[in-house]
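Following: one structure in structure tokens, then a few remarks.
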Amino acid sequence: MDNQELKRNAIKLRRGILRSTHAAASGHPGGSLSATELFTLLYFEELQVDPKNPDDPKRDRFVLSKGHCAPGLYAALAARGFFPEEDLLTLRHIGSYLQGHPDMKHIPGVDMSSGSLGQGISAAVGMALAAKVYGDSYRTYALLGDGEIEEGEVWEAAMLAGFRKLDNLVVIVDNNNLQIDGPIDEVNSPYPIDKKFAAFNFHVINVEDGNDFDQLRAAFAEARNTKGCPTAIVMKTVKGKGISFMENQVGWHGKGPNDEELEKALAELDKAEEML
């Protein structure tokens, strides 16, 4: 898929994120928007998955370790055809299968329930290790938040992944520098992120602009060609990316837009699409 198509799909995902969190009057748009290009590239180019056969044992696995950014994942799954896009408007509603955090038992395309920060990477390491044990060729990807990696369990999982030389595992850190309480380097700095993963025997790829498709594509190609160790992609992104009044604003970590804000945001996306 060329970048023009990917950009159009990214705009579609952003609309889904905004509309779903508006309909829920809650949710986490900021971190979903910062990872929109990542979700888009994964589901429209990188992952070997089939919406018609979501439980295919040969499929690649994806774990959203920062599970609160479910609106971004759901928008990608809907756009890829795993479930109807109109269902995004039921986010967090009573009786909806689209809960505030991913649920593998009820949502097609979700490989792991997540939400308790730090636990998703452990599940991903288990998936990658299982593939090695049973000789399966699928790859496992996990997306973590930069605030999430303040959790100790992340580094226990990283220790095992490095020790077991899980070169079928790609860990991605969404480094937008903001967590719910503020800048990560003021709350409990995990920097230098790259050196920490390197110390756990990961091949580390620093992506200067994680909202750029070419840079992300190159990183995934390098990860596929890396043998003998897992890969960590540390991508710098902008929280709330794509919506001017949300960008780099920590207040958009965990609230949905109101009617006026939704209208303004969608108008910005319409303009961005016209310019493509």
Practice problem: Give the residue that is farthest from GLY81 (Cα to Cα), with candidates limited to residues of the stretch 100-116 that are buried (at least 19 other Cβ atoms within 10 Å of the Cβ) and of a type in the set (S, T, N, Q). | Solution: SER114
Quiz item: Quick check, is LYS66 modelled with pLDDT of 95 or more and surrounded by fewer than 20 Cβ atoms within 10 Å (Cβ to Cβ)?
Solution: no
Practice problem: Give the residues of the stretch 55-74 that are over 15 Å from LEU13 (Cβ atoms) and under 18 Å from the mean Cα position of the chain (by Cα), sorted by residue number. | Solution: ARG59, ASP60, ARG61, VAL63, SER65, LYS66, GLY67, HIS68
Quiz prompt | Cβ pairs under 7 Å, 6+ apart, first in the stretch 247-276 and on the phi > 0 side of the Ramachandran plot, second open to solvent by less than 60 Å² (accessible area, probe 1.4 Å) and of a type in the set (Gly, Ala, Ser) | solution = ASN248/GLY240
Quiz item: Do the conditions hold for GLY95, that is, is it under 28 Å from SER20 (Cα atoms), open to solvent by 40 Å² or more (accessible area, probe 1.4 Å) and more than 19 Å from the chain's Cα centre (by Cα)?
Solution: yes
Quiz prompt | Cross-chain or 6+ apart pairs with Cβ under 8 Å, the stretch 171-189 first and free of Cβ contacts under 8 Å to residues at least 60 places away in the same chain and under 12 Å from GLY145 (Cα atoms), then crowded, with 22+ Cβ neighbours inside 10 Å and of a type outside the set (Val, Ile, Thr) | solution = ILE184/ASP146; ILE184/GLY147; ILE184/LEU178
Exercise. Scan ILE193, ILE149, ILE172 and give me the residue that is surrounded by fewer than 24 Cβ atoms within 10 Å (Cβ to Cβ), of a type in the set (A, V, I, L, M, F, W, C) and under 19 Å from the mean Cα position of the chain (by Cα).
Key: ILE193
Quiz item: If a residue has to be within 18 Å of the chain's Cα centre (by Cα) and either of a type in the set (S, T, N, Q) or in a helix (DSSP H, G or I) (or both) to count, how many in the stretch 251-268 make the cut?
Solution: 1
Practice problem: Run GLN119 past the list (1) in contact with a Leu (Cβ under 9 Å, 6 or more places away or on another chain); (2) surrounded by fewer than 21 Cβ atoms within 10 Å (Cβ to Cβ) and report the number of the one that doesn't hold. | Solution: (1)
Quiz item: Picking from THR231, THR237, which residue would you name as being open to solvent by less than 20 Å² (accessible area, probe 1.4 Å) and farther than 23 Å from LEU91 by Cβ?
Solution: THR231
Self-check item: Residue pairs meeting the criteria (Cβ under 8 Å; at least 6 apart or on separate chains; first touching a residue at least 40 places away in the same chain (Cβ under 8 Å), in the stretch 211-223; second among the basic types (Lys, Arg) and in a helix (DSSP H, G or I))
Solution: PHE213/LYS7
Quiz item: Taking the stated definitions as given, is PHE197 touching a helix residue (DSSP H, G or I) at 6+ places or on another chain (Cβ under 7 Å) and in contact (Cβ under 8 Å) with a residue 24 or more places away in the chain?
Solution: yes
Quiz item: Given the stretch 16-114, what helices (runs of 4 or more DSSP H) lie entirely inside it while holding 3 or more residues that are more than 21 Å from ASP209 (Cα to Cα) and either touching a Cys at 6+ places or on another chain (Cβ under 8 Å) or not acidic (Asp, Glu) (or both)?
Solution: 70-80
Quiz item: Failed condition for LYS58, given (1) over 21 Å from GLU153 (Cβ atoms); (2) basic (Lys, Arg); (3) open to solvent by less than 50 Å² (accessible area, probe 1.4 Å), with all others met?
Solution: (3)
Practice problem: Output the number of residues of the stretch 235-246 satisfying the condition of being under 17 Å from LYS271 (Cα atoms) and charged (D, E, K, R). | Solution: 1
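The values are calculated or read from the model by the stated rules, or taken from the named source; none is laboratory data. From a predicted model like this one, the values you see are computed outputs, not experimental measurements. So basically every Cβ, Gly included, is an ideal-geometry build from the backbone, and we count neighbours across all protein chains shown. The area values use the complete protein model at the heavy-atom level, side chains included, leaving out ligands, DNA and RNA. Shrake-Rupley method; radii C 1.70, N 1.55, O 1.52, S 1.80 Å.
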